[in-house]
1. Six or more apart or on different chains, Cβ atoms under 6 Å: show the pairs whose first residue is in region A:258-279 and farther than 24 Å from A:Lys341 by Cβ and whose second is modelled with pLDDT under 90 and hydroxyl-bearing (Ser, Thr, Tyr).
2. Out of everything in region A:320-353 that is of a type outside the set (A, V, I, L, M, F, W, C) and part of a loop (DSSP other than H, G, I, E, B), what residue ends up being surrounded by the most Cβ atoms within 10 Å (Cβ to Cβ)?
3. Confirm whether A:Ser144 is over 17 Å from A:Lys7 (Cα atoms) and within 14 Å of chain B (Cβ to nearest Cβ).
4. Taking A:Gln32, is it polar (S, T, N, Q), touching a strand residue (DSSP E or B) at 6+ places or on another chain (Cβ under 6 Å) and more than 11 Å from chain B (Cβ to nearest Cβ)?
5. Taking the condition of being among the polar types (S, T, N, Q) and either open to solvent by 40 Å² or more (accessible area, probe 1.4 Å) or more than 9 Å from every other protein chain (Cβ to nearest Cβ) (or both), how many residues in region A:78-128 meet it?
6. With the checklist (1) outside any strand (DSSP E or B); (2) within 28 Å of A:Phe197 (Cα to Cα); (3) modelled with pLDDT of 85 or more in hand, flag the one item A:Ala405 doesn't pass.
7. Quick one: would you say B:Ser362 is touching a helix residue (DSSP H, G or I) at 6+ places or on another chain (Cβ under 9 Å), among the hydroxyl-bearing types (Ser, Thr, Tyr) and open to solvent by less than 30 Å² (accessible area, probe 1.4 Å)?
8. Return only the number of the condition from (1) away from chain A (no Cβ under 13 Å); (2) closer than 17 Å to B:Cys125 by Cα; (3) not in a strand (DSSP E or B) that B:Gly10 does not satisfy.
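The values are calculated or read from the model by the stated rules, or taken from the named source; none is laboratory data. In this text the structure is predicted, and so the values were computed from the model without any measurement. All Cβ positions, glycine included, derive from the backbone under ideal geometry; neighbour counts span all protein chains shown. The protein model used for the area step is the full one, side chains on, heavy atoms only, and it has no ligands, DNA or RNA in it. Shrake-Rupley method; radii C 1.70, N 1.55, O 1.52, S 1.80 Å.
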Protein chains: 2
Amino acid sequence: MALIVQKYGGTSMGSVERIEHVARKVASWQQQGHQVVVVVSAMSGETDRLLKLARSIDARGSQREFDQIAATGEQVTIGLLALALGKLGVQSRSYTGWQVPIETDSAHMKARIQKIDGARLLADCQAGIVPVVAGFQGLTQDGSVATLGRGGSDTTGVALAAALKADECQIYTDVDGVYTTDPRVEPKARRLDKITFEEMLELASLGSKVLQIRSVEFAGKYKVPLRVLSTFVEGPGTLITLEENNVEDPLISGIAFNRDEAQITMTGVPDRPGIAAAILGPVGDANIEVDMIVQNVGDDGATDFTFTVHRNDYDRGLEIMRRIASELGAQGVSGAADIVKVSLVGVGMRSHAGVASKMFKSLAAAGINIRMISTSEIKISVVVDEMYLELAVRTLHKAFGLEEATSA
Amino acid sequence: MALIVQKYGGTSMGSVERIEHVARKVASWQQQGHQVVVVVSAMSGETDRLLKLARSIDARGSQREFDQIAATGEQVTIGLLALALGKLGVQSRSYTGWQVPIETDSAHMKARIQKIDGARLLADCQAGIVPVVAGFQGLTQDGSVATLGRGGSDTTGVALAAALKADECQIYTDVDGVYTTDPRVEPKARRLDKITFEEMLELASLGSKVLQIRSVEFAGKYKVPLRVLSTFVEGPGTLITLEENNVEDPLISGIAFNRDEAQITMTGVPDRPGIAAAILGPVGDANIEVDMIVQNVGDDGATDFTFTVHRNDYDRGLEIMRRIASELGAQGVSGAADIVKVSLVGVGMRSHAGVASKMFKSLAAAGINIRMISTSEIKISVVVDEMYLELAVRTLHKAFGLEEATSA
């Protein structure tokens, strides 16, 4: 018998029929002898509808009131799921964030969980009652309702699992696990049985948006075994675990990519201390987020400085660079909005030389020109022209043997 | 400067535009120097939508969960109104039932308020903040959300006014006050400036459904001055007060009527002790509610026993009477489903003889046959054929001078 926290997202709660389907899943876990605590999101589209209503009155109004309004979405679904469980003969009880209580800081619309009192939920479990908890919300010190920001139900699930010392936190979604890459780009993409938290973080932040990043960080920090699986398709999903020093670990776990990048380059910048700050300062001031940054060492006292931004910020970023180029004594400014980032992710590459060169060789053999390179401990990212995205992903997927189960 | 509790119903909260209209009304009261506490209902139709959703899963499911779901309707409107007030520069703060807190018993879906802690609301008022409180809901001892039953927002308003010792509780609705009778039946019906709680109770229970009965009882019990007025039309509305022994009080306040009545008569019943119970027992057992009851004294050891029921219960009631008639030794059973009740209401009639005879004479002069008569301290009701309803109401409205301001 295990204590399992299950989190079901908005798509899984999208209709009465789907809620009844979730109830049957929960009931079957309980019948197998497990204690189950359920966390749910609002019905898909409901949070957006509520926030739109609030914004139609005052988009810049009190965030406390936005939270008061938005939190009702989950309060409806916890009640509905508890009713659906009751109808199946499973004793159940719904809990809003304040009823648990889940205490948060007072940063409305992006609150962070500070403390969870799991006593009532554990007592329910012991009494054979399935608690159904509202995700995405909590209670501030001054008694207000706060929400954790979009996707926060995952975080609620993980935080509850940590507080209750659950054996596993299962995140049910509309995909049946984490894949080696996006199956829409590479049909041979394969579901991973296991992935480390670090790899998952790199994959998530790079665009394989299966889980909310903060919940993965949280699960890693509190060592909560996390499993991603599908509400609609039976299967074991993907288990996200602490890194194990297993020599059988695959070299590479997956290939992430990001279509929304744009590249801006300042050429012939005098190479002196503080130049990076002088360039990126005005970009930050304009609230433009910078992703990759590459600076080439110059041999004539000048250097080329390149960074990538979200494609929506390209024009503004270019304008800022042109404005400051002359005062920095730079030669010129150029850029490209039709570029993408492709990244190889895997903890295995730490202990294996040659991953980078194999990657570059494969891309060259496919005739793909690399515009930028950036590396970290467990990831290598390259920027290529957008037209090469699919080719690059498929080439790397094959080169690193991701179609079949890989071994070191 | 006065402390005023204002309650706005679902129609007043029916759209963003209407909520903004309410915000302007509240702001204007505050600008006049008053302290205002607002109580709101859910947007019209929203509570029904939520309950329908819950019933579609399990109509006989846990009432606690029905309340958890239904209470979200007001949680949305308090947030929206607080935002609308904020946009007008009025500081505001929304409160759910549990945030006040408003403590109730645990009778889910028909809970009664047990205690209100007004400290936070009063502190807000003193700080120039307008608290916006969710009507219809409260917190049970075990930390669950409970609703007060339909129309319960009026009760919340009155209970808050009592707890805060407010100078007045204003109930905003879509009519601009209490009328001498239904203006759709008598176009000359006149808005009353003032009416007593007792009269209001008689008018409300007789079909002039402006206010929820329980809230009027509550206001009378706690001596909260209650005012009914329109959200959409400017005007003083109708003040509902404790009875004042004012000789200038009008004899009659208004004329109520009820279309949904049906009459059942058992004739020639042996006149012995316990006969009323023997007749009405089986009716009560069948969950049929009885309104008027009239028993005529017989002079030959037999009596006629008549009562009225809701028209929907007529056939079932008649069937029960026919079944028990022979075992009671009655002569026969008869009835009529096309009858109505018309009632004259006024505290003034207590100290004035002749009201009843004036009523009967006026009806006779109009050629209206009276089938039943029943009287109480402040009301005289007659049952007449349905075809005479409008004529009876207009005849009495004129006879008792209700078109213009009346005097004793």
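1. A:Asp271/A:Thr303
2. First pass over region A:320-353, keeping only residues of a type outside the set (A, V, I, L, M, F, W, C): A:322-323, A:326-327, A:329, A:331-332, A:334-335, A:338, A:341, A:343, A:346, A:348, A:350-352.
With part of a loop (DSSP other than H, G, I, E, B) added as a condition, the list becomes A:326-327, A:329, A:331, A:338, A:346, A:352.
Details: A:Ser326: 9, A:Glu327: 8, A:Gly329: 12, A:Gln331: 12, A:Asp338: 13, A:Gly346: 27, A:His352: 12.
In this case the residue turns out to be A:Gly346.
3. Values: over 17 Å from A:Lys7 (Cα atoms): yes; within 14 Å of chain B (Cβ to nearest Cβ): yes.
So A:Ser144 fits the description; yes.
4. Values: polar (S, T, N, Q): yes; touching a strand residue (DSSP E or B) at 6+ places or on another chain (Cβ under 6 Å): no; more than 11 Å from chain B (Cβ to nearest Cβ): yes.
Here the answer is no, as A:Gln32 does not meet what is asked.
5. Our first condition is that a residue be among the polar types (S, T, N, Q); within region A:78-128, this holds for A:91-92, A:94, A:96, A:99, A:104, A:106, A:114, A:126.
Still in the running and either open to solvent by 40 Å² or more (accessible area, probe 1.4 Å) or more than 9 Å from every other protein chain (Cβ to nearest Cβ) (or both): A:91, A:104, A:106, A:114, A:126.
Number of matching residues: 5.
6. Going through (1) outside any strand (DSSP E or B); (2) within 28 Å of A:Phe197 (Cα to Cα); (3) modelled with pLDDT of 85 or more one by one, A:Ala405 breaks only (3).
7. Details: touching a helix residue (DSSP H, G or I) at 6+ places or on another chain (Cβ under 9 Å): yes; among the hydroxyl-bearing types (Ser, Thr, Tyr): yes; open to solvent by less than 30 Å² (accessible area, probe 1.4 Å): yes.
For B:Ser362, the condition - touching a helix residue (DSSP H, G or I) at 6+ places or on another chain (Cβ under 9 Å), among the hydroxyl-bearing types (Ser, Thr, Tyr) and open to solvent by less than 30 Å² (accessible area, probe 1.4 Å) - is met.
8. Tallying (1) away from chain A (no Cβ under 13 Å); (2) closer than 17 Å to B:Cys125 by Cα; (3) not in a strand (DSSP E or B), B:Gly10 fails exactly one: (2).
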